[in-house]
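Derivation of every value follows stated rules applied to the coordinates shown; laboratory data play no part. Given the structure is predicted, the values throughout are model-derived calculations rather than measurements. Positions of Cβ are backbone-derived with ideal geometry, glycine not excepted, and every protein chain shown enters the neighbour counts.
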């Protein structure tokens with residue numbers, strides 16, 4: 001019997017990926033094998049030699065895990081009938097590309113569907129235009145090429161960003177402020193590692209979210225941020241250095257490697273913010289409560305279109321995450337400042353003055369402290385702990401750069417001082433008029 005072409009193709013695809021289907025492989029080993037498979041030259045049943053891209057290898061692996069060998073059979077193209085019935089569409093597609101060479105194949109497909117009501121796959125249009133020598137590069141259009149990248153295992157790389165949200169009532173200042181969502185995404189699994197809406201977009205807000213993420217999901221090998229103000233700071237550099245995390249910043253105006261983050265931002269806007277604003281937001285706490293519930297029950301448990309798995313399942317497949325020592329984690333989020341000790345053994349920091357060991361007079365020391373507790377500072381000299389700085393004049397219990405530490409407004413006492421003054425004034429004024437008897441039988445009563 002002649003071989004079934006679809007079966008032959010499925011067997012070839014299985015032979016390509018069989019090595020990476022070993023169930024004993026971890027995520028890291030499987031990712032390494034997939035890269036090796038994509039770098040090899042494979043011989044097809046007809047004798048032709050081809051190379052298979054890494055995304056195709058991943059797609060075949062997912063298809064086999066989901067449907068077995070039938071999942072590797074080529075699928076019949078849904079637009080084949082339209083192609084046979086309407087060959088003139090390609091001539092029109094060519095005219096559209098010549099008219100505006102910057103038009104993409106997907107955009108031309110949308111135009112054809114809007115005009116004729118016929119759906120043609122962008123890949124088909126792209127292939128036909130390439131055969132006619134009408135690819136955009138040949139017509140003088142140089143598209144920017146963004147390299148495709150995916151971390152090989154969970155917690156290899158986290159991507160961070162800040163998303164602007166709605167205006168939220170802020171009782172501490174009796175005003176509304178635009179909420180800022182600090183969020184972190186695992187590059188391999190697409191898991192929303194952690195996210196929190198904050199009232200300020202600053203260094204401390206970013207550190208609060210980062211510390212919560214470390215406690216919740218473990219330590220990543222690298223952090224990838226843009227060049228926003230919360231991420232170009234000395235405290236963040238110190239945090240990463242203490243914990244042994246590589247800190248990476250994207251180049252200005254170059255969004256390469258941040259596509260997963262942008263897609264997640266769009267999902268949050270379309271699936272969460274739209275509903276939150278429609279329902280109404282009482283305060284920042286309510287916004288965060290609803291967001292965390294949505295993340296854990298919806299966002300991280302949906303099947304991702306590209307990986308074919310839920311983010312939480314793909315993340316947990318890598319095994320237990322690397323946890324940080326609690327003492328080391330506490331040290332990583334302390335701030336550091338250098339000061340010269342005065343002749344009176346005093347150092348100044350953030351509007352406060354502290355007493356140190358008189359033996360440090362004239363020396364430049366390093367002060368390490370928790371910005372939310374300025375009552376005690378650790379003093380270091382040449383990297384060695386030499387004592388503690390105690391408050392001499394304490395101007396702030398918290399660092400001024402920590403707006404999240406605004407003290408709660410006290411409960412009103414209900415005493416209306418000016419009302420009491422007015423009442424006393426009226427009583428005295430009435431008695432004074434009665435005493436002096438300013439009114440008389442022949443005079444009009446005083447107002």
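The table for this structure:
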| read-out | value |
| --- | --- |
| FRET efficiency for residue 330 and residue 353, using Cβ-Cβ distance with R0 set to 25 Å, rounded to 0.05 | 0.50 |
| D (Stokes-Einstein, µm²/s), Kirkwood Cα radius, segment 80-139, 0.890 mPa s at 25 °C | 218 µm²/s |
| Stretch gain in nm, segment residue 111-residue 21, where the contour uses 0.36 nm per residue and the Cα spacing is subtracted | 28.2 nm |
| Order of 347, 242 under a 10 Å beta carbon neighbour criterion, fewest first | 242, 347 |
| Largest-first principal axis extents, alpha carbons of segment 333-377, Å | 29, 15, 15 |
| Per residue Cα convex hull volume in Å³ - calculated over segment 257-400 | 180 Å³ |
| Calculated FRET efficiency for the pair residue 237/residue 392, C-beta based, R₀ 30 Å, to 0.05 | 0.50 |
| For a label point 7 Å along the Cα-to-beta-carbon line of residue 221, residues of segment 12-27 with backbone N under 12 Å | 27 |
| Residues 46, 110, sorted so that the one with the fewest Cβ neighbours within 10 Å comes first | 46, 110 |
| Cα gyration tensor shape of segment 5-72, rounded if a/c is under 1.5, else prolate or oblate by comparing a/b with b/c | oblate |
| Three-way shape call for segment 158-316 based on the alpha-carbon gyration tensor, with the a/c threshold at 1.5 | oblate |
| Relative contact order (%) - segment 80-139, alpha-carbon pairs under 8 angstrom, separation at least six | 35 percent |
| DSSP beta bridge pairing in segment 158-316, given as percent antiparallel to the nearest 5 | 75 percent |
| Separation of the residue 119 and residue 286 label points, Cα + 7 Å toward Cβ, nm | 4.1 nm |
| Sequence of 60, 294 once ranked by neighbouring C-beta atoms within 10 Å, starting from the fewest | 294, 60 |
| Label point distance in nm, residue 301-residue 46, each placed 7 Å from Cα along Cα→Cβ | 4.7 nm |
| Segment residue 363-residue 102, extension gain: residue separation times 0.36 nm, minus the distance between their alpha carbons | 87.5 nm |
| Extension gain from residue 382 to residue 263, taking 0.36 nm per residue of separation minus the Cα-Cα distance | 38.2 nm |
